[in-house]
Amino acid sequence: MRNLPLSLLGGALLALLGTVQAQGAAAAGPGELGNALTPVGAEKAGNADGSIPAWNGGLTQAPAGWSPGHGDPYAADKPLYHVDAKNLAQYQALLPEGQVALIKAYPSYRLDVYPTHRSCAVPTEVAQRTRELAGQARIGSDGWRLEQAPGAAVPFPLPKSGIEVMWNYKLRYMAKGRRAQISFLMREKGGSLTEVKQWAYEYYPWNDPAVKSPADTGGIEAKLLYDVLSPSSRAGEMYLVHAYLDKPQDSWIYFPGQRRVRLAPSFAYDNPIAGSDSLYFVDQINMFTGALDRYDFKLVGKKEMLVPYNSYKLVDKANKYEQLIGQDYLNRDAQRYEKHRVWVVEATVKADKRHSFAKRVFFIDEDSWSLLYVDMYDAKGNLWRFQEGSLWADPEIQACTNFEYVSYDLVARRYIADGFTQEGEALDLPAGLQGRVSDKMFSANELRRRGER
């Protein structure tokens, strides 16, 4: 084995410890769900020093006056400490390599660490179905396809492999549909802010308890529709995406000038997103999207980390993009970090496949199965990009949800922000949808009809 740099020894030791913790959790049986484990498979107990509290059901009641984008249930909290270049060595083992690289690159970059709140609740039906149906989900003989799993349940609450953890992330509960006015944001090298504003409609058939197997959704994981509002040069464009369980996603584009719908030739994997200056690939959307066939996924284990959590300050609609999107990184005053346990999955490209990211490391929250960090490496093993998600509890759906995330290109020293809702007109989860999201709207014919209205 080659010698590890001293800077990595702490992280390596924690990863080893995390592996032991993960194996202990995996050894538990379904009977522990709702007892020693939470209903979705997280450790219910806090950690040894009390910096991570026990899970007590999450945030199930909205504070007075709160609604998505308005108010912060934890506004009274004060930072416990800050992590920056001066004290990085003390906390480096709790951070992903991408976060460490940003702290080293920018002297003013910091993490404000707050008291930990395990705010992610679990809907009663999801808890019951996860416990009752544990053990029914299966991975196919190819090692990555989801062969069998029920809806409205965590497929692998006691994961024994990296691929099982990834499917828990992909099928995490976020309610059946949602709608938001979101923006893609990027600073140009000269400092000006580019924004693409759009309506986003999302449909997740796997959150329906009527789903008994993949066949019930037609092999669909999710359906997404984006209706571009600005800039004026792109207003009226629409993009429809079907994400599948067993193959790369399909995408259709409506061009208002031609009044035509076209099937996109290659909307998958590491194809660059149009208008992103090649800073952003298709499978980076929503932190990670698309087929799992190009990587081998190794379950490294579970570890304690400082992660973005309870990001109410970030999603507050009092924020303005000019202040949020700094030249080199996201406004640090809007970010909140807490210590939580996360699953760590290392993905390496298969010998017979190719991808611009030869390796990815995923960090997935144990309480919600949300993806909070991704480190991305090139073929030479150099850290290339780093993604950071956000997460906040929504009592309306009795679970945590997320929209906003950023992707830093550490070579180009630029970044993009996507899914930002702060200046958007609406952020609607189930109670506010009023029939605005349904399966029938996610078809190429409906895309054409909407464009010709």
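Data for the structure
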| item | result |
| --- | --- |
| Sequence-separation-based contact order of the stretch 6-451, relative, with Cα cut under 8 Å and 6+ spacing, percent | 19 |
| 16 Å reach of a label modelled at ALA215, 7 Å along Cα-to-Cβ, counting backbone N of the stretch 149-166 | 149-151 |
| Neighbour net charge for PHE357 - beta-carbon separation under 14 angstrom, K R +1, D E -1 | 0 |
| Anchor LYS197: aspartates and glutamates whose Cα lies under 19 Å away (excluding residues fewer than 8 positions away in-chain) | GLU188, ASP227, GLU237, ASP277, ASP316, GLU322, GLU404, ASP418, GLU423, GLU425, ASP428 |
| Within-12-Å neighbourhood charge of LYS313 [Cβ basis; K, R +1; D, E -1] | -3 |
| Helical contribution to [θ] at 222 nm, DSSP H n ≥ 4, -39,500 (n - 2.57), averaged over the chain, rounded to 500 | -4500 deg cm²/dmol |
| Net length gained if the chain between SER443 and TYR321 were fully extended (0.36 nm per residue, minus Cα distance) | 40.7 nm |
| Dipole axis of the chain (+1 Lys, Arg; -1 Asp, Glu on Cβ), positive-most option in PRO73, SER276, VAL307 | SER276 |
| Cβ-defined net charge surrounding SER51, 10 Å radius [Lys, Arg +1; Asp, Glu -1] | -2 |
| FRET E, pair ALA412, GLU147, Förster distance 45 Å, beta-carbon r, rounded to 0.05 | 0.65 |
| Bridge type composition, the stretch 6-451 - antiparallel percent by DSSP, nearest 5 | 100 |
| Kyte-Doolittle at least -1.0, axis length at least 27 Å by Cα - qualifying DSSP helices, the chain | 6-27 |
| Separation of the GLU452 and LYS380 label points, Cα + 7 Å toward Cβ, nm | 5.3 |
| Among (i) 30, 27, 23; (ii) 40, 27, 21; (iii) 37, 26, 23, the entry that matches semi-axes √(5λ) of the Cα gyration tensor in Å as calculated here | (i) |
| In nm, spacing of pseudo-spin labels at ASP333 and ASP270 (7 Å Cα→C-beta vector) | 3.9 |
| Partner lysines for LYS78 [C-alpha distance under 28 Å; skip if fewer than 8 residues away on the same chain] | LYS44, LYS86, LYS104, LYS302, LYS303, LYS313, LYS317, LYS320, LYS339 |
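Bear in mind these aren't lab numbers, they're just calculated from the coordinates by the rules spelled out. Here the structure is a predicted model, which is why all the values come from computation and not from measurement. Here the Cβ is made from the backbone with ideal geometry for all residues, glycine too, and neighbour counts use every protein chain on show.
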